[in-house]
1. Taking segment 71-81 only, how many residues are of a type in the set (A, V, I, L, M) and free of Cβ contacts under 8 Å to residues at least 60 places away in the same chain?
2. Looking at (1) in contact with a helix residue (DSSP H, G or I) (Cβ under 7 Å, 6 or more places away or on another chain); (2) modelled with pLDDT under 85; (3) surrounded by 12 or more Cβ atoms within 10 Å (Cβ to Cβ), which one does K283 not meet, given that it meets all the others?
3. Against the condition free of Cβ contacts under 8 Å to residues at least 60 places away in the same chain, more than 17 Å from the chain's Cα centre (by Cα) and part of a helix (DSSP H, G or I), how does L145 come out, does it pass?
4. Can you name every residue in segment 119-131 that is surrounded by 19 or more Cβ atoms within 10 Å (Cβ to Cβ), part of a helix (DSSP H, G or I) and either touching an Asp or Glu at 6+ places or on another chain (Cβ under 7 Å) or modelled with pLDDT under 85 (or both)?
5. Please enumerate the residues belonging to segment 17-42 that are over 12 Å from F80 (Cβ atoms) and at pLDDT below 90.
6. Identify the single condition in (1) in a loop (DSSP other than H, G, I, E, B); (2) hydrophobic (A, V, I, L, M, F, W, C); (3) buried (at least 21 other Cβ atoms within 10 Å of the Cβ) that A177 does not satisfy, given that it satisfies every other one.
7. Do we have D214 as among the acidic types (D, E) and at pLDDT 90 or above here?
8. Which pairs do you get when a residue that is in contact (Cβ under 8 Å) with a residue 60 or more places away in the chain and farther than 18 Å from L73 by Cα, found in segment 165-178, comes within reach of a residue that is aromatic (F, W, Y) and part of a helix (DSSP H, G or I), reach meaning Cβ atoms under 8 angstrom, with the pair 6+ apart or on two chains?
Amino acid sequence: MLARMPSPRDPDEPKIFFLPNLMTACNLACGFFAVLMIFKGQIEVQKYSGDGVLAAKQYYEVSRQYYQYAILLIFGSCLFDLLDGRLARLGGQDSPFGQEFDSLADIISFGMAPAMLLSRAVLFPLGNVGWAVALIYLVCGAMRLARFNCLANLPKKPGASSDFRGIPIPMAAGFIASLTFLIIDLYKNDHEVGPWKYVLAGAMLFLSWLMISDVRYPSFKTVDWKTRGSLTTIVFALVLIFVTIRFRYIMPVVLFSSYLVYGFIRPWISQRWRKGIEDFSEKTEDETEPPSAS
């Protein structure tokens, strides 16, 4: 019996590389489950909507648990979003399919999920205004991703910068999610956080503008699996991870805020300091950096 010959590949079929797109699928899954946790939390807290101190305490414990799940899933999306680009560049497997798939996943994980989290957890008392703020954030996030794809598809010029134009949407999502959870933890409540609901609404509008602005942010794409680090950088990274875990309610806000502020002070920092901050590691002698895509 003759073996059946494999059918020829359609030349118009996009290349789908397994590992990078698996990481993107995990990013999307985290975003989906984050949205699901927000809705599930709202359903569960209806059981404790009565009056009394006990009911209020139970309400907070239940809502806090589901909000924590949602925020951890958003952070998980950040991790998978970081891995898919690194794996693609490591194997030289950048592809138009991966680029589009990544953007579609990002709009769910870093656009829809944070918008739902903030509007349901903190901005709910603002009514339609709160929903409008969340919508503006989502639309600006989608526009930021569309602009990134357009710029990434332009012919690469020699010596072109790999900086981001506007804050990346994963960083915007991480900042707003971590700040929301910190405030909820401090107030031991979600809908009643005093004037902080106006601060968070303003922060979300500010992030919306920042995503579509021309403020430049470093991409750190020179740091990948082949990057060699010194003992000092390894020890510093280890200490930073330990401190972040130990102070898990505060440190994420500090880290995301530092990146946000850095884009504004960066033009006034000397080239030497900028190189030390943004290119703190060494490359192997035979390593070359392929065109960036995320």
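The values are calculated or read from the model by the stated rules, or taken from the named source; none is laboratory data. For clarity, every value in this text was computed on a predicted model and none was experimentally measured. Every residue, glycine among them, receives a Cβ derived from its backbone with ideal geometry; neighbour counts consider all protein chains shown.
1. Final tally of qualifying residues: 3.
2. Looking at each condition in turn, K283 falls short on (1).
3. Values: free of Cβ contacts under 8 Å to residues at least 60 places away in the same chain: yes; more than 17 Å from the chain's Cα centre (by Cα): no; part of a helix (DSSP H, G or I): yes.
No.
4. From segment 119-131, those surrounded by 19 or more Cβ atoms within 10 Å (Cβ to Cβ) are 119-123, 130; that's our starting set.
So of that shortlist, the ones also part of a helix (DSSP H, G or I) come out as 119-121, 130.
Listed by number, the residues that qualify are S119, R120, A121.
5. The initial filter retains those residues of segment 17-42 that are over 12 Å from F80 (Cβ atoms), namely 17-18, 32-42.
F17, F18, I38, F39, K40, G41, Q42, listed by residue number.
6. Failing condition for A177: (1).
7. On the way: among the acidic types (D, E): yes; at pLDDT 90 or above: yes.
Against the criterion (among the acidic types (D, E) and at pLDDT 90 or above), D214 qualifies.
8. Matching pairs, first to second residue: I167/Y259.
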